[in-house]
Amino acid sequence: MSEDKIEETKNQTLKQLPLDSWHRENGARMVPFAGYEMPVQFEGVMAEHLWTRENAGLFDVSHMGQVQLTGEGAAKALEALVPGNISTLGVGKIRYTLLLGEDGGILDDLMVTNAGDHLYLIVNGATKHDDIAYLQKHLPSDVTLNHMEGHALLALQGPKAADALAQLEINPAPGDLYFMEAGSFMWGNIPLVISRSGYTGEDGFEISIAADQAEALADALCSDANVKPAGLGARDSLRLEAGLPLYGHDMGADILPVEAGLNFALAKTRREQANFAGADRVLAQYPDKAEKKRVGLFIEGRRPIREGASVVDTQGNIIGTVTSGGFSPSLQKPIAMAYVPAALSETGTQIMVEQRGKTIGCTVAAMPFVPHHYHRKPKL
């Protein structure tokens, strides 16, 4: 992870993750991020990245916000704030959606699970307190919000994740889940919420567990020779290769869904109803009327382009911005994401980026840079 991705928190009291001691005992380099001391790497970013692509990496994402919404009208109430279908979401199914401001700007992206008697939300760590305040302000009084502060969240990612999880004798078998499905499970007498999802582009699982049981789970998972702990650095390079945007970098309150390339999050029925926050402004851009778009970039040479570099025209005028960038361990070349004028967003378009006074050639690339390997349910 580049230094500009690490939050500056010198004057802030940092929180510790439930696995803080475990990380240090396993040789983690700890850095401030999202208000927490978090492991940026163990063995090394490159090694952890490639291990996850080939085996299974264990990531601590306990800084993320876990929220329960209960109440008979919770799904419909949430739909007023997001453009996804929540009220028709089947039990045990997960939906990626966007928390939108009144002007349609993206306040956060989140995962919503229909857990049967409640909705289970996972929101970004850096925005979770703002998200919770926004939800409490806009949801009706008969919807109860519970911030699950006493829970940890671990992400087991990679092609050998399912085999590793199967060794734990969890009931029922979580390996029966497909991508974007979740359920309640028991590991001995310890309850778990497990989803088949993640942020790496690989098959994998996210596991919610009581904070005081997290170390036992981490030990059990890493007792498998195919599982190694991995840090923020590898998580960032993996999600970049997978073409997945990071909130606060590739999207924010000043970005609309179509600009971010998230048209799929605007459900057809919700577009027809146009009754979510900022709908008029959002739908005015749908499907292809945005003036700027998020694109992938292949970078000439070997030097990575970093967030904040400028996209420039032939006269040197700034016409866009790089929002994420780094060296791809899988492809062995630098890649990036940027916002560019819509007219320059077609795959194969040649553009230029200026970084530290040097102009570098780039080519607009299709995303994901590396194919996704999700365990999807077969189509009948």
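The values are calculated or read from the model by the stated rules, or taken from the named source; none is laboratory data. Just so we're clear, the structure is a prediction, and the values are computed from it rather than from any experiment. Counting neighbours? That spans all protein chains shown, and the Cβs are built from the backbone with ideal geometry, glycine included.
Check whether at least one residue in the range 19-40 is at pLDDT 95 or above, part of a helix (DSSP H, G or I) and within 18 Å of Thr200 (Cα to Cα), and report yes or no.
no
Could you run through the range 54-98 and say how many residues are of a type in the set (A, V, I, L, M) and over 21 Å from the mean Cα position of the chain (by Cα)? Show your work before the answer.
Step one: filter the range 54-98 for residues of a type in the set (A, V, I, L, M), giving 56, 58, 61, 64, 67, 69, 74-75, 77-78, 80-82, 86, 89, 91, 94, 98.
Those left that are additionally over 21 Å from the mean Cα position of the chain (by Cα): 74-75, 77, 80, 91.
Residues that pass the stated criteria total 5.
Of the residues that make up the range 77-86, is at least one assigned to a strand (DSSP E or B) and β-branched (Val, Ile, Thr)?
Kept after step one, since they are assigned to a strand (DSSP E or B), are these residues of the range 77-86: none.
No, every residue in the range 77-86 fails to be assigned to a strand (DSSP E or B) and β-branched (Val, Ile, Thr).
Under 25 Å from Ala230 (Cα atoms), aliphatic (A, V, I, L, M), part of a helix (DSSP H, G or I) and touching a residue at least 24 places away in the same chain (Cβ under 8 Å), is that true of Ala126? Can you show your working first?
Details: under 25 Å from Ala230 (Cα atoms): yes; aliphatic (A, V, I, L, M): yes; part of a helix (DSSP H, G or I): yes; touching a residue at least 24 places away in the same chain (Cβ under 8 Å): yes.
For Ala126, the condition - under 25 Å from Ala230 (Cα atoms), aliphatic (A, V, I, L, M), part of a helix (DSSP H, G or I) and touching a residue at least 24 places away in the same chain (Cβ under 8 Å) - is met.
Report, by residue number, each residue of the range 94-109 that is in contact with a Lys or Arg (Cβ under 9 Å, 6 or more places away or on another chain), part of a strand (DSSP E or B) and over 17 Å from Phe33 (Cβ atoms).
Within the range 94-109, Ile94 is the sole residue that qualifies.
Would you confirm whether or not the range 229-249 contains a residue that is touching a Cys at 6+ places or on another chain (Cβ under 9 Å), modelled with pLDDT of 95 or more and not in a loop (DSSP other than H, G, I, E, B)? Give the derivation first.
Here is the first cut: in the range 229-249, the ones touching a Cys at 6+ places or on another chain (Cβ under 9 Å) are 229.
Right, trim to modelled with pLDDT of 95 or more and you get 229.
With the extra rule that they be not in a loop (DSSP other than H, G, I, E, B), the set shrinks to 229.
Among the residues of the range 229-249, at least one is touching a Cys at 6+ places or on another chain (Cβ under 9 Å), modelled with pLDDT of 95 or more and not in a loop (DSSP other than H, G, I, E, B), which makes the answer yes.
In this structure, is Lys137 more than 25 Å from Val91 (Cβ to Cβ), among the basic types (Lys, Arg) and surrounded by 15 or more Cβ atoms within 10 Å (Cβ to Cβ)? Spell out how you get there, then give the answer.
Details: more than 25 Å from Val91 (Cβ to Cβ): yes; among the basic types (Lys, Arg): yes; surrounded by 15 or more Cβ atoms within 10 Å (Cβ to Cβ): no.
Spelling it out, it is not the case that Lys137 is more than 25 Å from Val91 (Cβ to Cβ), among the basic types (Lys, Arg) and surrounded by 15 or more Cβ atoms within 10 Å (Cβ to Cβ).
Residues Ile318, Ile305, Ile360: which one is out of contact with any Asp or Glu (no Cβ under 7 Å at 6 or more places or on another chain) and in contact (Cβ under 8 Å) with a residue 40 or more places away in the chain? Reasoning before the result, please.
Details: Ile318 fails: in contact (Cβ under 8 Å) with a residue 40 or more places away in the chain; Ile360 fails: out of contact with any Asp or Glu (no Cβ under 7 Å at 6 or more places or on another chain).
The conditions single out Ile305.
Take the range 343-380 and flag every residue that is among the small types (Gly, Ala, Ser) and not in a strand (DSSP E or B).
Taking the range 343-380 and keeping what is among the small types (Gly, Ala, Ser), we get 343, 345, 348, 357, 361, 365-366.
Across the range 343-380, the qualifying residues are Ala343, Ser345, Gly348, Gly357, Ala366.
Could you tell me whether Trp51 is more than 21 Å from the chain's Cα centre (by Cα) and either in contact (Cβ under 8 Å) with a residue 24 or more places away in the chain or part of a strand (DSSP E or B) (or both)?
Numbers: more than 21 Å from the chain's Cα centre (by Cα): no; either in contact (Cβ under 8 Å) with a residue 24 or more places away in the chain or part of a strand (DSSP E or B) (or both): yes.
No; evaluated as a whole, the condition is false for this residue.
Condition test on Val227, is it outside the structural domain of Asp20 (by TED's automatic domain parsing) and of a type in the set (Val, Ile, Thr)?
No.
Given the conditions (1) in contact with a strand residue (DSSP E or B) (Cβ under 8 Å, 6 or more places away or on another chain); (2) free of Cβ contacts under 8 Å to residues at least 40 places away in the same chain; (3) closer than 30 Å to Ala182 by Cβ, and given that Thr349 satisfies all but one, which numbered condition is not satisfied?
(3)
Mind checking whether some residue in the range 190-212 is of a type in the set (D, E, K, R) and surrounded by fewer than 17 Cβ atoms within 10 Å (Cβ to Cβ)?
Checked against the condition, which is being of a type in the set (D, E, K, R) and surrounded by fewer than 17 Cβ atoms within 10 Å (Cβ to Cβ), the range 190-212 yields at least one hit.
So Ala234 fits all but one of (1) out of contact with any helix residue (DSSP H, G or I) (no Cβ under 8 Å at 6 or more places or on another chain); (2) surrounded by 22 or more Cβ atoms within 10 Å (Cβ to Cβ); what number is the exception?
Every listed condition holds for Ala234 apart from (1).
Of the residues in the range 42-85, how many are among the basic types (Lys, Arg) and crowded, with 19+ Cβ neighbours inside 10 Å? Reasoning before the result, please.
Let us first name the residues in the range 42-85 that are among the basic types (Lys, Arg), namely 53, 76.
Now narrow it down to the ones that are crowded, with 19+ Cβ neighbours inside 10 Å: 53.
Residues meeting the conditions: 1.
With the condition kept exactly as written, say whether any residue in the range 327-342 is surrounded by fewer than 20 Cβ atoms within 10 Å (Cβ to Cβ), aliphatic (A, V, I, L, M) and assigned to a loop (DSSP other than H, G, I, E, B).
yes
How about the range 102-121: which of its residues are buried (at least 16 other Cβ atoms within 10 Å of the Cβ) and farther than 13 Å from Leu145 by Cα?
Those that are buried (at least 16 other Cβ atoms within 10 Å of the Cβ) and farther than 13 Å from Leu145 by Cα: Gly104, Gly105, Ile106, Leu107, Asp108, Asp109, Leu110, Met111, Val112, Thr113, Asn114, Ala115.
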